[in-house]
Structures are given as structure tokens and as C-alpha cells.
Amino acid sequence: MFVDVPARHHLQLRWVTPALVVACVATYLWLMLAAPATRLAVLGDWGTVPAHLFHWGAFLRHWLWLRLLSALFIHADWLHLLGNMLFLVIFGLPAERALGSRRFLALFLLGGAFANLVGAWTLAGQLRPIIGCSGAVSAMLGAYLALFPRARLGLVLPLGLYFEFIHVPAALLIGMWVLLQLLFTWAGPAFGTVVWWAHLAGFGFGVVFALLSRNAVARRLRRRSSY
């Protein structure tokens with residue numbers, strides 16, 4: 001596993017990342033405690049269903065575009081949830097600190113919606129819903145790389161009975177992740193039901209979003225350094 005190793009600590013409230021974690025966990029627990037029929041109805045009504053999405057009249061009239069957002073908070077199982085929440089905390093907190101809470105929330109929602117839209121386009125005609133915030137988390141990975149290209153992450157390696165803690169460039173780990181996504185898009189369904197193109201779309205969105213936010217980030221850093 002790997003953990004973020006920040007260069008400096010800033011006493012600044014970051015509320016969006018914890019709120020997103022709470023919302024995703026609460027939604028998952030509610031669905032797990034709900035009756036199976038209710039759970040299936042929620043997945044069909046609030047997940048991103050590719051076959052329903054590209055009827056443009058219904059897309060606007062029946063508010064189908066909201067499913068691009070609501071699907072972000074629905075997860076298939078606890079491993080799906082845990083993986084997304086781990087990445088959300090590791091990369092979300094420093095990204096929120098740099099971007100500011102409102103801009104970071106926009107990154108999560110818009111990046112996740114865009115990823116779901118691209119994923120649905122690649123699976124047009126499918127009735128199985130796209131769920132989970134993997135696309136939004138991918139957008140955060142892209143933003144993190146663009147904002148902190150020289151950052152280093154602490155990598156915990158198991159060596160027999162011991163654990164070794166080493167520092168590794170974040171760009172190397174994220175680059176390996178991107179390469180894996182590209183390979184999995186080529187392998188396709190052989191590696192499960194993950195919508196790999198949604199991950200890549202979210203990542204690209206995050207990079208562009210962070211680059212367009214460079215001036216705002218610079219102003220925030222100047223204000224903080226003057227305190």
C-alpha cells in the first residue's frame with residue numbers, strides 16, 4: 001500500500017473529502033440493509049444505465065443526467081467501496097488543500113459525471129448500470145499529478161516478516177496506474193466488469209481541470225503564505 005507524505009502540514013479545515021467518504025459509506029450501508037428489491041430498484045433508477053442515457057429528449061426531460069452524479073455514491077460491494085475511499089483520502093485531502101473545497105467538490109462531481117458519460121458511451125446499449133466513484137477518484141489522481149508533479153509517496157513493502165517504508169515519486173506510481181488502465185481497456189471484459197475507459201476519461205479530466213486552475217491555486221498559496 002502507499003500513503004501520502006506531505007512536505008509541510010497546514011492547519012486548514014478540509015470538509016469535502018470527509019463529507020464524500022461519509023456519503024459513500026452511508027449510502028452503501030443503507031443499500032446493504034435494504035431489501036433486495038429496493039437495492040435493485042436503486043441501482044436501476046440511480047445508476048448510470050448506458051442504454052437509457054443517450055435518448056436526448058429523455059435525458060433532459062426525465063433528468064437522466066442526474067444519474068451521472070448519483071451513481072458516484074453507489075458501490076457494488078465493500079471491496080469496491082474500500083478501494084475508492086482509500087484513494088479518495090490519500091489523494092483527495094492534498095488536492096482539496098490546493099484547490100480549495102468548492103473547486104475540489106466541482107472536480108469530484110464534474111470529473112465523475114464526465115467519466116460516467118464516457119463509460120456509458122463505450123457501453124452504449126448495455127442495461128447494466130455503471131456505479132461507483134472510480135471515475136471521480138481517477139479525476140483526483142489526474143489533478144494530483146498535475147498539481148504535485150514532484151511529490152513523493154511513502155510505499156510500504158512487505159519483506160518477509162518485516163515492512164520496509166520507502167519514498168517513491170508519485171508520478172511513477174500514477175504513471176503505472178495509467179498504464180494498467182490502458183492495458184485493461186485492451187483486455188476488456190476478461191478483467192471483470194470495471195469500466196476502464198471511465199477511469200481514463202476521469203484522469204484526463206482531472207489533469208485539464210488542475211491545469212486550468214493553476215492561477216487560482218497560485219493565489220491560494222500566496223494568501224496562505226502571507227498568514
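Read-outs throughout are calculated quantities, based only on the coordinates presented, and are distinct from any laboratory measurement. Because the structure is a prediction, the values reported are computed rather than measured. We place every Cβ from the backbone using ideal geometry, glycine too, and count neighbours over all the protein chains shown.
Coordinate range of the alpha-carbon atoms in the range 22-146 per principal axis, descending: 38, 34, 22 Å. Volume per residue of the convex hull around the Cα atoms, evaluated for the range 13-225, comes out as 154 Å³.
Take the Cα of A124, step 7 Å toward its Cβ, do the same at L172, and the gap between the two points is 4.2 nm.
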